[in-house]
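Asks: To start, I am sharing the structure in question, which I have written as structure tokens.
The values are calculated or read from the model by the stated rules, or taken from the named source; none is laboratory data. Since the model is a prediction, treat every value here as computed from it, not as a measurement. A quick note on method: Cβ atoms are made from the backbone with ideal geometry, for glycine too, and the neighbour counts reach across all protein chains shown.
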Amino acid sequence: MHVRKTSCKTPLRSIGDSLSARGVSRRSFLKLCTTMASLLALPTSAVPRIAAALEQAKRPSVIWLSFQECTGCTESLTRSHAHPLEDLILHLISLDYHHKLQAASGEAAEEARLAAMEDNAGNYLAIVDGAVPGPSANPGFSTVAGHSNDQRLLETVADAAGVIAVGTCAAFGGLPQASPNPTGACAVMDLVTDKPVVNLPGCPPIPAVITGALVHYLAYGAFPELDDEGRPIAFYGDSIHDHCNRREHFDRRRFANSFDDEGAKAGWCLCKLGCRGPTTHNACATLQWNDGTSWPVGSGHPCLGCSEPGFWDRDRFYVSRGGCARR
Ligand code: SF4
Ligand code: SF4
């Protein structure tokens with residue numbers, strides 16, 4: 001069986017080739033590089049380096065593993081096609097294994113994963129979505145090709161250059177880890193301790209954040225600087241509250257008290273409806289969603305804190321923790 005034909009891999013050799021084939025002009029390409037440098041909080045002097053790296057680099061082989069998840073992270077990735085920045089993701093990588101997106105199934109899919117690992121030993125990236133049932137849990141909770149999820153993760157990352165935990169379930173355990181956590185669900189970083197691991201939480205994660213982490217890796221050979229939770233500071237350094245479009249109302253003590261009162265209709269602060277924006281770190285307020293159309297708080301829904309550890313168990317949703325004190 002010819003495995004490569006059934007994988008997601010394309011014959012294009014470099015990222016520059018891939019972008020040229022898509023008709024991306026030089027001007028548009030440089031604009032994307034400038035935007036990326038800005039998102040990554042890099043100086044404009046970094047743009048030539050990013051441009052050179054993206055033009056010349058061979059697209060890294062990526063093995064994408066999915067465990068206990070809802071498919072929202074992959075949905076977010078595949079719905080990114082409308083935005084040139086987000087669309088860039090699939091041109092940055094050679095997606096050699098993704099069991100939901102690839103045409104191959106069964107043994108052919110397994111062979112594609114093993115071939116990608118062998119051909120790119122030491123250089124491929126493993127991207128993971130979903131939490132992993134703990135090693136002490138019944139392995140029957142989740143298996144792929146007869147192997148428990150933790151075995152599969154550790155086997156796959158053994159020769160990886162780095163690991164990207166995409167989405168809150170992979171980064172922090174997410175919903176599968178919520179009490180009473182019947183599967184003993186773990187975050188990727190709980191199990192992978194001998195490789196660089198970058199966490200890109202969010203439920204789902206913002207596609208441009210995934211692109212940003214990959215661009216930095218390609219330009220500098222390393223993931224961006226991380227915070228204490230393993231998240232890139234460029235995207236998770238500020239809180240939702242820091243850049244919220246309702247912040248002026250918070251500062252003036254103008255709060256909605258129900259979802260249909262006059263304050264809600266006037267776009268006032270959602271703190272008293274349980275908004276976790278002040279303690280949640282993510283880039284939703286600046287990058288926004290759906291090609292910049294809007295974002296949850298902008299649309300009238302409190303931030304639920306999806307990109308923080310303990311999402312689900314930390315507090316009850318829609319309930320103010322009191323105070324909404326000035327910050
Ligand atoms: S509490 Fe929530 S709605 Fe209010 S300003 Fe902060 S992030 Fe925005
Ligand atoms: S606004 Fe808050 S809950 Fe909503 S996606 Fe952003 S970080 Fe997650």
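Asks: Could you list, in sequence order, the residues of the range 238-262 that are assigned to a loop (DSSP other than H, G, I, E, B) and of a type outside the set (A, V, I, L, M, F, W, C)?
Replies: Within the range 238-262, Asp238, Asn245, Arg246, Arg252, Arg253, Arg254, Asn257, Ser258, Asp260, Asp261 qualify.
Asks: Right, here's the next one. Restricting attention to the range 191-249, report how many residues are among the polar types (S, T, N, Q) and under 10 Å from the mean Cα position of the chain (by Cα).
Replies: Count: 2.
Asks: A follow-up question, please. For Phe235, indicate whether it is in a helix (DSSP H, G or I), surrounded by 21 or more Cβ atoms within 10 Å (Cβ to Cβ) and within 16 Å of ligand 1 (Cβ to nearest atom).
Replies: No; evaluated as a whole, the condition is false for this residue.
Asks: Tell me which residues, restricted to the range 263-285, are surrounded by fewer than 16 Cβ atoms within 10 Å (Cβ to Cβ) and either modelled with pLDDT under 95 or not in a loop (DSSP other than H, G, I, E, B) (or both).
Replies: Within the range 263-285, Lys265 is the sole residue that qualifies.
Asks: Being assigned by TED's automatic domain parsing to the domain that holds Gly167, of a type in the set (Ser, Thr, Tyr) and out of contact with any strand residue (DSSP E or B) (no Cβ under 9 Å at 6 or more places or on another chain) narrows it down to one residue among Tyr318, Tyr220; which is it?
Replies: The unique qualifying residue is Tyr220.
Asks: Let me ask you something else. Taking the range 286-327 as the search range and keeping residues that are modelled with pLDDT of 90 or more and within 10 Å of ligand 1 (Cβ to nearest atom), which one is nearest to Pro176 (Cα to Cα)?
Replies: Taking the candidates together, the pick is Cys303.
Asks: If I ask for residues that are in contact with a strand residue (DSSP E or B) (Cβ under 6 Å, 6 or more places away or on another chain) and either of a type in the set (A, V, I, L, M, F, W, C) or more than 16 Å from ligand 2 (Cβ to nearest atom) (or both), which ones from the range 231-253 would you list?
Replies: Within the range 231-253, His249, Phe250 meet the criteria.
Asks: I need every pair where a residue in the range 235-246 that is among the aliphatic types (A, V, I, L, M) has its Cβ under 7 Å from the Cβ of a residue that is more than 9 Å from ligand 1 (Cβ to nearest atom), sequence separation at least 6 or different chains.
Replies: That search, which allows pairs on different chains as well, returns Ile240/Asn282; Ile240/Cys284.
Asks: Which residue pairs have Cβ atoms closer than 6 Å, lie 6 or more positions apart in sequence or on different chains, and pair a first residue in the range 98-111 that is without any contact (Cβ under 8 Å) to a residue 40 or more places away in the chain with a second residue that is in a loop (DSSP other than H, G, I, E, B)?
Replies: Filtered contacts from the range 98-111: Glu110/Ala145.
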